[in-house]
Amino acid sequence: MMWMMTPQFEPNDKWALKARELGYRARSVFKLQELDERFKIIKKGYNILDIGAAPGSWLQYVEKRMGPQGQAIGLDLQPIEGLSKAIQTFVCNIEQLEEVDVILQSAHPALFDVVLSDIAPSTSGIKDRDQWLSIELSTHVVEISRKWLKKNGTLVMKILRGADFDVFLKELKPLFREVKVAHAKASRQSSREVYVVGIGKKSENRSQ
Ligand SMILES: C[S@@+](CC[C@H](N)C(=O)[O-])C[C@H]1O[C@@H](n2cnc3c(N)ncnc32)[C@H](O)[C@@H]1O
């Protein structure tokens with residue numbers, strides 16, 4: 001019998017090796033780098049919220065790009081340790097929006113220039129379920145962005161593309177001047193993940 005040539009999980013793939021060489025905590029840093037190079041997302045002095053931030057490679061990248069005047073906050077179910085003082089991290093479930101509000105009110109009451117989300121549900125292997133959970137989490141990310149992203153700010157989120165994706169995108173579009181859907185080279189070939197980039201939030205009104 002011939003073995004099927006399905007893509008295998010390769011913990012030591014070229015992106016993982018490159019991340020290790022450069023001192024990044026995860027290969028996903030290259031996805032953010034690619035999006036940043038393409039859409040010019042992060043600038044010096046920016047205030048940035050990173051949702052689903054553990055183990056912290058996006059925050060490592062953000063720190064370099066925002067420079068000493070910038071500030072970043074990372075939220076995750078898992079603790080993130082060992083980053084610099086310009087970065088505060090908190091353990092929380094972002095589905096608890098009130099908890100997120102309380103954390104942000106005390107740690108960073110000002111609105112953010114950029115909200116990033118690489119959040120991912122624990123995958124079950126059941127494709128439809130995982131995609132649905134990804135949209136669920138992304139809906140919370142949008143709610144947080146409605147409140148905490150500045151007017152003209154940028155939202156970047158990872159989503160597993162599935163049946164509900166088009167409806168989700170349709171609902172997101174009115175909130176931004178422009179919404180782009182991008183694939184990252186460092187995403188695994190077998191992955192259905194895409195990055196949605198909302199550019200130019202239209203309103204600062206938290207109820208819109
Ligand atoms: C792919 S990882 C993020 C990797 C990160 N961008 C990096 O570069 O290090 C996805 C993260 O989403 C987090 N996550 C999943 N559900 C969450 C939730 N409800 N609240 C907060 N974080 C969550 C997971 O704990 C996990 O650390």
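The numbers here are math on the coordinates, done by the rules we state, and not lab data. A quick note: this is a predicted structure, and the numbers were derived from the prediction, not measured. So basically every Cβ, Gly included, is an ideal-geometry build from the backbone, and we count neighbours across all protein chains shown.
Size of the dipole of the chain about the Cα centre, Lys and Arg at +1 and Asp and Glu at -1 on the beta carbon, nothing else charged, in debye to 20?
Using only the charged Cβ atoms, the result is roughly 860 debye.
Karplus couplings for segment 170-178 from phi (6.51 cos²θ - 1.76 cosθ + 1.60, θ = phi - 60°), rounded to Hz, Gly and Pro as x?
4, 6, 6, 3, x, 7, 10, 5, 8
Just the number, please: percent antiparallel of the DSSP beta bridges in the chain, rounded to the nearest 5.
DSSP beta bridges in the chain are roughly 40 percent antiparallel.
Apply the Karplus parameterisation 6.51 cos²θ - 1.76 cosθ + 1.60, with θ equal to phi minus 60°, to every residue of segment 84-100 and state each ³J(HN,Hα) to the nearest whole Hz, in sequence, with x for glycine and proline.
6, 5, 6, 10, 9, 10, 9, 8, 6, 9, 6, 6, 8, 4, 5, 5, 4
List the lysines whose alpha-carbon lies under 19 Å from that of Lys31, not counting same-chain residues fewer than 8 positions away?
Excluding near neighbours in sequence, the set is Lys14, Lys18, Lys40, Lys43, Lys64, Lys158, Lys180, Lys185.
Karplus couplings for segment 63-72 from phi (6.51 cos²θ - 1.76 cosθ + 1.60, θ = phi - 60°), rounded to Hz, Gly and Pro as x?
After applying 6.51 cos²θ - 1.76 cosθ + 1.60, I find 4, 5, 6, 7, x, x, 7, x, 9, 9 Hz.
Measure off 7 Å from each Cα along the Cα-to-Cβ vector at Lys44 and Ile126, then give the distance between these two points in nanometres to one decimal.
5.2
For segment 103-149, with only Lys/Arg (+1) and Asp/Glu (-1) charged at the beta-carbon, what is the dipole magnitude about the Cα centre, in debye rounded to 20?
It works out to roughly 80 debye.
Once amide H atoms are placed 1.01 Å from N in the peptide plane, what residues at a sequence separation of 5 or more from Asp50, or on another chain, have their amide H within under 5 Å of its amide H?
Residues meeting the amide H criterion: Ile73, Gly74, Leu75, Leu116.
Which aspartates and glutamates have a Cα less than 17 Å from the Cα of Lys150, not counting those fewer than 8 places away in the same chain?
Candidates past the 8-residue exclusion: Asp50, Asp101, Asp113, Glu178, Glu204.
Please list the non-local residues whose amide H lies under 5 Å from the amide H of Leu149, H modeled 1.01 Å from N, same-chain partners needing a gap of 5 or more.
Amide H neighbours of Leu149: Phe112.
Kirkwood Rh, the chain, all Cα pairs: how many Å?
One decimal place: 17.5 Å for the Kirkwood radius.
Cross-link candidates for Lys127: which aspartates and glutamates have Cα within less than 16 Å, leaving aside residues fewer than 8 places away along the same chain?
Within the straight-line cut-off, Lys127 pairs with Glu136, Asp164, Glu193.
Excluding Arg161 itself, calculate the net charge of residues whose Cβ lies under 13 Å from the Cβ of Arg161, where each Lys or Arg counts +1 and each Asp or Glu counts -1.
Here the count lands on -2.
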